[in-house]
1. Identify all aspartates and glutamates with a Cα-Cα distance to Lys161 below 17 Å; exclude those on the same chain that are fewer than 8 residues away in sequence.
2. Say a paramagnetic label sat at a point 7 Å from the Cα of Leu234, along Cα to Cβ; which residues of the stretch 134-156 have their backbone N under 19 Å from it?
3. Need the full-extension length gain, Glu97 to Leu194, defined as separation in residues times 0.36 nm minus the C-alpha distance. One decimal, nm.
Amino acid sequence: AYPQESGKERMRTSRSPRSPRRFLSQRVLALAAVAVLGFSAAQEQGGQRQCRAYPLVQGVSLRDGKSSTAGSKNTTKLVHFVRHAQGLHNVAAHKFERGSPEYLDALSDSRWADAVLSDLGQSQCEALREKTRGMEFDLLMVSPLTRTLQTAFLSFEGLEKVKVLAVEEIRERYGQHPCDTRRPSEEVSLEYPLVDFSLIPSGPDPQTCAGAGECGERESFESMDARIQAFLSLLKGRDEEAIVVVGHSALFARMFEAHLGWSEEQGPFRFLNAEMRSVSLVFN
């Protein structure tokens with residue numbers, strides 16, 4: 001359970017139900033041996049481990065036909081995946097058993113639209129910042145939701161010296177929960193002038209979820225898979241080789257389980273709040 005926050009805090013953020021294990025395609029292959037780089041020990045913060053790293057053998061193959069051409073060389077990226085720190089909507093939901101009606105009702109509260117971080121979440125970012133101090137990377141890719149933007153700028157120093165790119169494909173699984181609705185990029189860009197929002201559609205979020213009874217159906221796994229493949233294709237095509245990706249629980253869980261070949265022997269598919277996994281990905 002998450003520690004409860006004071007009544008003065010605003011709430012905004014979300015955790016989605018765990019996705020079932022599925023094999024997407026025989027064309028998704030483990031192509032090369034690589035290793036997780038990063039932190040070797042977990043830290044405790046507010047009852048949660050802040051960072052974890054695991055040994056990993058991993059390869060990535062895109063299924064769009066663009067990932068492999070005759071005579072092409074492997075593309076290797078060192079990617080630091082970071083889940084956002086605790087949001088106020090997390091605090092509300094985790095007063096109840098996961099998946100219970102009360103849990104789902106808490107996430108359906110319109111007060112948590114585009115959730116922001118809790119006090120504990122901000123402390124988690126401070127702890128992560130100490131661990132990432134001096135870490136070198138060339139690009140930070142971030143979900144356009146507020147909690148991920150907050151996590152990025154509170155957890156990593158020197159962002160004025162690297163490109164910070166908002167990416168729609170790594171937003172959280174949408175539908176049912178107002179916390180997973182983003183604000184218009186025109187509004188958020190005023191708060192985060194260092195972020196390039198050129199890849200985010202302008203205007204209101206087409207997946208806006210205003211509250212109970214006013215939201216669309218939960219995004220399908222097929223839709224999530226398409227987004228993840230689009231993101232991996234974008235990642236592969238970037239010139240940068242050391243990249244931070246700040247995203248969400250359900251999105252990362254689906255990516256690691258169904259697209260990156262992560263084994264539960266290496267750890268759970270789901271990230272903890274403010275957890276970072278540094279992974280070397282080889283695209284062929």
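1. Glu136, Asp138, Asp196, Asp239, Glu240, Glu241
2. The answer is 138-153.
3. Fully extending the segment from Glu97 to Leu194 adds 31.0 nm.
A short reminder: the numbers here are calculations on the coordinates, not readings from a lab. Given the structure is predicted, the values throughout are model-derived calculations rather than measurements. Neighbour counts run over all protein chains shown; Cβ positions are idealised from the backbone, glycine included.
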